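The values are calculated or read from the model by the stated rules, or taken from the named source; none is laboratory data. Predicted model, so just to flag it, every value in this text is computed and none were measured. When we count neighbours, we look across all protein chains shown, and the Cβ atoms used for this are built from the backbone with ideal geometry, even at glycine. When the accessible area is computed, the model is the full protein with side chains, heavy atoms only, and any ligands, DNA or RNA have been set aside. Shrake-Rupley method; radii C 1.70, N 1.55, O 1.52, S 1.80 Å.
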Amino acid sequence: MSTKNYNRYTVTAALPYANGPKHIGHLAGAYIPADVYVRYLRLTGKDVIFVCGSDEHGTAIPNQALKENTTPRAIIDKYDALIRTCFEQLGMSFDIYHRTSELIHHQTSQEFFLTLYNKGLLTEEVSEQYFDEEAKLFLADRYIVGTCPKCGHTNAYGDQCEKCGSTLSPRELINPRSTLSGKPPVLKETRHWYLPLQNYEPWLREWILKTHQQDWKPNVYGQCKSWIEAGLQPRAMTRDLDWGIKVPLPDAEGKVLYVWFDAPIGYISATRALFEENATGNFRYATPRSDFSKAGRDDWKKYWQADDTRLVHFIGKDNIVFHCIIFPVMLHASGEFVVPDNVPANEFMNLEGDKMSTSRGWSIEMHEYLQDFPTKPDELRYALLTNLPEAKDSEFTWKDFQAKNNNELVAILGNFVNRAVVLTQKYFSNRVPQRTQLTETDTRVLAALKEFPASIAASIEAYRFREATAGLMDLARLGNKYLAETEPWKLAKTDLDRVGSILNIALQIAASLAIVAEPFLPFTARKLKGMLGLSELKWNAAGGSDLLQTGSALNEAPLLFEKIEDTVIEAQIKKLVDSRRAVELAQQPAEPAKAEISFDDFSRMDVRIGTVLKAERVEKSKKLLKLQVDTGIDVRTVMSGIAEHFTPEEVIGKQVTILINLAPRKIMGVESQGMILMAADKDGSLRMLLPGKPVEPGAQVG
RNA sequence: GGCGCGGUAGCUCAGGUGGUUAGAGCGUUGGAUUCAUAACCCAAAGGUCGGGGGUUCAACUCCCCCCCGCGCUACCA
């Protein structure tokens, strides 16, 4: 249990891997809780930095580049920009969002590696790995497929057979082949540097199993325990790859640091960059902080090396081993760094009854949400916060999103604020009325109000963000209930003084809401403060009864939230289903082969290359084009059902493949003498079969 | 296979170290109300806490077995 007195906080959120867009599951796993935590700490006046950035190394980056037919550099630039923008629009309040491709990160990582190396803490081992001679690459297990030795499945991966579920190593595969070239890989010797994790087992046992049994979440603690008890082994910290951070040793050509070695160091280099930029005033990735304007560029060390710094990593459960075992061992072994005080990893968020997966088309990408709901970042934050997978996998549904918005944000929070403000406009010309004599109800409500901030704070500090969010909404409920009990609209004609007291109290509640909402709903909090004319107040002001001065004017008060209609939700669900269908279609196996035919059958068809001389639309037909085709033998008319895929202009001059001895047939009153051959893609779209180089019309296809 | 985390009202989820009638929100039903984006407020119905054993005066909470879901099993980022 951490009983230490901490004087500053270093909070990290998992570095998103820049090989593609990120979805709301990632937000729920790490970024939203981290942002709430940090915003809260700042409000309480704590010394805190919040660092994150794009993770831009590893084999998947060049692979994605291959897939998108571009360079790794282009891939990371593209996805870094996309993710960075989304985070900003969602209100992620990073002090810096850095990139692991930056020089300072390469330097920091290499220094870190050398520190361990020079201390003699890394071991060197030579092993045989599969190598793709054509791609000239060592292959990660995932990129080798072959026949499973256990079940005979012919497409088992090098690490696992998806059919029988057994765990494999690439060497076990029968007839292995590279997924990059399709060729069989060869075994080749390679040398790598390993971190002997087993040497740190006693330390890990002491640090995790003993010290953190109480304060780490059960899922995190259990996972760590499982690994430690299973026995730790040396883990390679380098890879054969040409994309990444060079191993800073002689004769290490073609070797880079393992991405999971460099990625967490990214937190440190981001912190260095944060102070570098604040010290120089040259801001590229950091958000300027006035309190750091006098900081030196070496001040980053306090946030990583001082004993009274509390390091907290927010991650998803897939990252537990790296943040709880490997990175801490690296930090500990280096001898210079503090280790995390907590790693509040979340589980996964499912979507509409199924696992979220970008590749399967079953996800809500951040940028897609923001495109469709550009004015509603807080609405998403709230829906995710109330259903974070804190203890177990949770589920996001669009209906639930709608319900949270309509029944809670609109009906409870927005409505309460609106009621208080509208009544004030109506009876007190939009000025905060005076509070006179207090009734028993008043004092009770004011006392209850006072309790909220501390209770919400306790939840946040215990990493219970759902509970904390519920506390926020309960405060709005308190306000609604107070109005329902006191019914100021009834008293307006008889006792305006009393009405004034009631509205004063209601407005004080709204003011506290504006402060307390900031970590959860930053955009709404800002709006609400603007409406109430409330200055920036710290957390400890929340719960107070005199946040708003009597007589001060309220500003224009638009509605904080708007209802989301059924049609909008239905459209989102349809979009989701459609995107999965599209992916499934694309992955559908090709049509099975037709029955065998003889060579004679085949040679009876006369297939030629012909040149399209003329093409025109056919009246009253959506599908047909009437073509004049030079077949080398003659020029003939062919009616072709391609009008939905090609315009006449783009067909003219093309050398198409044509079956010329098909029996003529009248179509739309015109005799068609042959058939143009087309390839039909899985989505039904047509592609012409063109010769690779121009040929004379009439060239036989066979 | 081994290990870890889960399996609590129709739905989404809370339930430190075992102890009075097992909780919240949504949904449902009924009531009250009209200041408010037909919203708020009150109340009720609804669960043999995955199944089966055991420990105990007492178990959702501890132990054992089984079933189900998810994850990890260490060169997948």
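Residues that are buried (at least 19 other Cβ atoms within 10 Å of the Cβ), under 30 Å from the mean Cα position of the chain (by Cα) and part of a helix (DSSP H, G or I) do not occur anywhere in the stretch A:352-360.
Given the criterion within 8 Å of RNA strand B (Cβ to nearest atom), modelled with pLDDT of 85 or more and open to solvent by less than 80 Å² (accessible area, probe 1.4 Å), identify the matching residue among A:204, A:232, A:209.
Numbers: A:204 fails: within 8 Å of RNA strand B (Cβ to nearest atom); A:209 fails: within 8 Å of RNA strand B (Cβ to nearest atom).
That would be A:232, the only listed residue that is within 8 Å of RNA strand B (Cβ to nearest atom), modelled with pLDDT of 85 or more and open to solvent by less than 80 Å² (accessible area, probe 1.4 Å).
Kindly indicate whether residue A:270 is assigned to a helix (DSSP H, G or I), out of contact with any Leu (no Cβ under 9 Å at 6 or more places or on another chain) and over 30 Å from residue A:133 (Cβ atoms). In short, no.
Please count how many residues of the stretch A:69-116 are outside any helix (DSSP H, G or I), open to solvent by 50 Å² or more (accessible area, probe 1.4 Å) and touching a helix residue (DSSP H, G or I) at 6+ places or on another chain (Cβ under 6 Å). Residues that pass the stated criteria total 1.
On the stretch given as the stretch A:426-457, residues that are under 43 Å from the mean Cα position of the chain (by Cα) and either open to solvent by 60 Å² or more (accessible area, probe 1.4 Å) or of a type in the set (Ser, Thr, Tyr) (or both) total 4. The set of residues from the stretch A:462-497 being open to solvent by 40 Å² or more (accessible area, probe 1.4 Å) and in contact (Cβ under 8 Å) with a residue 40 or more places away in the chain comprises A:464, A:466, A:470, A:477, A:485, A:489, A:496, A:497. Of the residues making up the stretch A:235-268, those that are under 29 Å from residue A:94 (Cβ atoms) and either within 15 Å of RNA strand B (Cβ to nearest atom) or open to solvent by 40 Å² or more (accessible area, probe 1.4 Å) (or both) number 19. So, in the stretch A:556-576, exactly how many residues are loosely packed, with under 14 Cβ neighbours inside 10 Å and not in a helix (DSSP H, G or I)? Matching residues across the stretch A:556-576 total 4.
Taking the options A:455, A:501, name whichever one is part of a helix (DSSP H, G or I), more than 8 Å from RNA strand B (Cβ to nearest atom) and closer than 23 Å to residue A:539 by Cα.
Details: A:501 fails: closer than 23 Å to residue A:539 by Cα.
When all the criteria are applied, what remains is A:455.
Among the residues of the stretch A:218-227, just one is near RNA strand B (Cβ under 8 Å from one of its atoms), open to solvent by less than 50 Å² (accessible area, probe 1.4 Å) and touching a residue at least 40 places away in the same chain (Cβ under 8 Å), namely A:219.
Out of the stretch A:55-85, which residues are under 19 Å from residue A:28 (Cα atoms) and within 16 Å of RNA strand B (Cβ to nearest atom)? Let's see the steps before the verdict.
Going residue by residue through the stretch A:55-85, those that are under 19 Å from residue A:28 (Cα atoms) are A:55, A:82-85.
Matches in the stretch A:55-85: A:55, A:82, A:83.
Selection of the stretch A:413-422 for residues being near RNA strand B (Cβ under 6 Å from one of its atoms) and either touching a helix residue (DSSP H, G or I) at 6+ places or on another chain (Cβ under 8 Å) or among the polar types (S, T, N, Q) (or both) yields A:415, A:418, A:419. For residue A:550, the conditions (1) polar (S, T, N, Q); (2) part of a helix (DSSP H, G or I); (3) more than 16 Å from RNA strand B (Cβ to nearest atom); (4) over 36 Å from the mean Cα position of the chain (by Cα) are fulfilled apart from (2).
Counting the residues of the stretch A:317-341 that are open to solvent by less than 20 Å² (accessible area, probe 1.4 Å) and more than 10 Å from RNA strand B (Cβ to nearest atom) gives 12. Tally the residues that are within 27 Å of the chain's Cα centre (by Cα) and not in a helix (DSSP H, G or I), restricting the search to the stretch A:515-547. Qualifying residue count, the stretch A:515-547: 5. Please go through the stretch A:357-412 and give me each residue that is within 9 Å of RNA strand B (Cβ to nearest atom) and of a type in the set (Gly, Ala, Ser), ordered by number. Of everything in the stretch A:357-412, those that are within 9 Å of RNA strand B (Cβ to nearest atom) and of a type in the set (Gly, Ala, Ser) turn out to be A:359, A:391, A:394, A:403, A:411.
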